[in-house]
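K.L.:
What follows is a single structure, and I will ask about it in a moment.
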Amino acid sequence: MQYSKGMSENQYNQILSCLTKLIQKLRLNAVFLVDGAGRILAEKLSESEKFDTTILAPLASGSYSAANEMARQLGEKSNVKMMLYENDNKNVFISSVTSDVFLVIVFETGVALGMVRLFAKRTLLQLQPILLDDSANQFDELFDQHFQGLLNEKLNQSFLDE
Amino acid sequence: MFIHWALKEIHLKIVYYGPALCGKTANLEYIHSRIDPSLKSDLVTLKTREDRTIFFDFLQLEVGYIENKKPKFNIYTVPGQVNYNHTRKVVLNGVDGIVFVADSQREMMDANLDTLLDLEKHLIAEGKTLEDFPWVLQYNKRDLPNIESIREIETKLNFFNVPHFEAIATQGKGVFPTVKEVVKLVVSNVQRHLEDGKRMRA
Ligand SMILES: Nc1nc2c(ncn2[C@@H]2O[C@H](COP(=O)(O)OP(=O)(O)O)[C@@H](O)[C@H]2O)c(=O)[nH]1
Ligand SMILES: [Mg+2]
């Protein structure tokens, strides 16, 4: 397993533009890209939405992994391709982009599922080559020698019992 | 570790590991109760009706910008129940550092060791081992009467001499020192890997 991973500014901008097109096209509530570690890689929310994707990302990642394990138990060889949560107001559609990244789409129950699937599929095909570029995984400098000390100071300030 | 260059975010994942009921959730609850609301997410807990962790608990901590970068700590717990093996594997995906919470009660020593071996098994599957991975030990429930002495627990669990902390998680004792230490080890480890990578490419 690779030790560190990164996403370049260029990758991010390309991804964001895919997500923006998707959300505008179908008037979705939100689209976001999550990895298997539960991290949010990119997100686009419609203007009226403000739910906490920080929390939704690990939940989506967890439920997608659980679904994958269920498939494996059933004898399937590859990852789950898509899953759907039907709710009273907002549905959630999750589909796999690469082996470790998936796309989460939140949409009103009035939006046709067929449309969501069709445009999700197009978006996946656009996202795959962008995610393949792993040049941002290689970097030398991240922290300098002051970072550790500064971080420790910040942690001390944040922890209110000390 | 994941670095998001456009947003200047550094994501670090820390997992609290340990046998069922050792106090992992209690650690997160304490952290969550004592952090400035602007620096934390909600605490998510996925529990059964009997209050046992069924999937994971999750909490994100931030400390604002440091040298123009924004570290984000994604903190998880795993369910301790023996048969939730797959869930532990899922939660460990992309882990950067571990807090192993041991239950100090004498009768829990076997469970502590079994769980530590279970952790090593999962780490090996990710190409890591307990020797070359940043982790700390927390000896929890030090307030209970039937506990093992620190010296005994050390010989039973701390084979690699990692930093250890005594704790009473429900009272918050030892909780912050533990998390601060694991963060420190994670950052040094990232630094070391970057330097090794640089040397290899040079
Ligand atoms: N006496 C005592 N009880 C604790 C301590 N830490 C946790 N507990 C209790 O042990 C039980 C299990 O704790 P929990 O955090 O849910 O364990 P988890 O299964 O590891 O998440 C709960 O009833 C806690 O209140 C401690 O330091 N001392
Ligand atoms: Mg728990």
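The values are calculated or read from the model by the stated rules, or taken from the named source; none is laboratory data. Nothing here was measured: the structure is a model prediction, and the numbers come from that model. Virtual Cβ from ideal backbone geometry, glycine too; neighbours counted across all protein chains shown. Surface areas here come from the heavy atoms of the whole protein model, side chains and all, with no ligands, DNA or RNA. Shrake-Rupley method; radii C 1.70, N 1.55, O 1.52, S 1.80 Å.
K.L.:
For the protein assembly as shown, take the alpha-carbon Rg, divide it by the Kirkwood Rh, and send me Rg/Rh. Working shown, then result.
P.N.:
Working: Rg = 20.9 Å, Rh = 21.5 Å.
Checking Rg against Rh, the ratio lands at 0.97.
K.L.:
Now, a different point. State, in square angstrom and to the nearest 100, the accessible area buried between chains A and B, both chains counted, probe radius 1.4 Å.
P.N.:
Numbers: alone 11010 and 10940 Å², together 17030 Å².
When A and B are taken together, about 4900 Å² of accessible area is lost.
K.L.:
How long, wide and thick is chain B, going by the Cα atoms along their three principal axes, in whole angstroms, largest first?
P.N.:
52, 39, 30
K.L.:
Would you check segment A:9-131 for Lys pairs whose C-alpha atoms are within less than 23 Å, ignoring same-chain pairs closer than 8 in sequence, and give me the count?
P.N.:
Lysine pair count for segment A:9-131: 18.
K.L.:
Let me ask something else. How far apart, in nanometres, would the label points at A:K121 and B:M200 be if each is projected 7 angstrom from Cα along the Cα-to-Cβ direction?
P.N.:
If labels sit at A:K121 and B:M200, their model points lie 4.0 nm apart.
K.L.:
Here's another thing I want to ask about it. Can you say what percent of the DSSP beta bridges in chain B, counting only those with both residues inside, are antiparallel? Round to 5.
P.N.:
Working: 16 of 37 bridges.
Percent antiparallel among DSSP bridges in chain B is about 45.
K.L.:
Sticking with this structure for a sec: At a 1.4 Å probe, what is the % contribution of carbon and sulfur to the accessible area of chain B?
P.N.:
On the way: 4420 of 8520 Å².
C and S fraction of accessible area: 52 percent.
K.L.:
Expressed as a whole percentage, what fraction of the accessible surface of segment A:9-131 belongs to carbon and sulfur atoms when a 1.4 Å probe is rolled over the protein heavy atoms?
P.N.:
Working: 3170 of 6220 Å².
The nonpolar share, carbon plus sulfur, comes to 51 percent.
K.L.:
How much length would be gained if the chain were fully extended between B:Q191 and B:A6, taking 0.36 nm per residue of separation minus their Cα-Cα distance, in nm to one decimal?
P.N.:
Values: separation 185, 0.36 × 185 = 66.60 nm, distance 2.05 nm.
Extra length available between B:Q191 and B:A6 comes to 64.6 nm.
K.L.:
Could you calculate the FRET efficiency of B:D110 with A:K21 from 1/(1 + (r/R0)^6), where r is the beta carbon distance between them and R0 is 56 Å, rounded to 0.05?
P.N.:
Working: r = 56 Å, r/R0 = 1.01.
After rounding to 0.05, the efficiency reads 0.50.
K.L.:
Could you size up the charge dipole of chain B around its Cα centre, putting +1 on the beta carbon of Lys and Arg and -1 on that of Asp and Glu, and report it in debye to the nearest 20?
P.N.:
On the way: 27 positive and 27 negative charges, 124 e Å.
Roughly 600 debye for chain B.
K.L.:
Shape call for segment A:90-162 from the C-alpha gyration tensor, a ≥ b ≥ c root eigenvalues: rounded (a/c under 1.5), prolate (a/b greater than b/c) or oblate? Mind dumping the intermediate values first?
P.N.:
Details: a/c = 5.58, a/b = 1.82, b/c = 3.08.
It comes out oblate by the Cα gyration axes.
K.L.:
Compute and list, largest first, the equivalent-ellipsoid semi-axes of segment A:9-131 from the alpha carbon gyration tensor, each √(5λ) rounded to a whole angstrom. Before the final figure, lay out the partial values.
P.N.:
Numbers: eigenvalues 87, 59, 40 Å².
Value: 21, 17, 14 Å, ordered largest first.
K.L.:
Normalised by the residues of chain B, what does the relative contact order come to in percent, with Cα pairs under 8 Å and at least six apart?
P.N.:
Numbers: 346 pairs, mean separation 45.2, N = 202.
Dividing the mean separation by the residue count of chain B yields 22 percent.
K.L.:
A follow-up question, please. Can you work out the base-10 log of I(q)/I(0) for segment A:30-85 at q = 0.12, 0.19, 0.24, 0.26 1/Å, using the Debye formula on its C-alpha atoms alone?
P.N.:
The calculated log intensity ratios at q = 0.12, 0.19, 0.24, 0.26 Å⁻¹ are -0.33, -0.71, -0.96, -1.05.
K.L.:
Let me ask something else about it. How many angstrom separate the Cα center of segment A:60-107 from the Cα center of segment B:148-195?
P.N.:
35 Å
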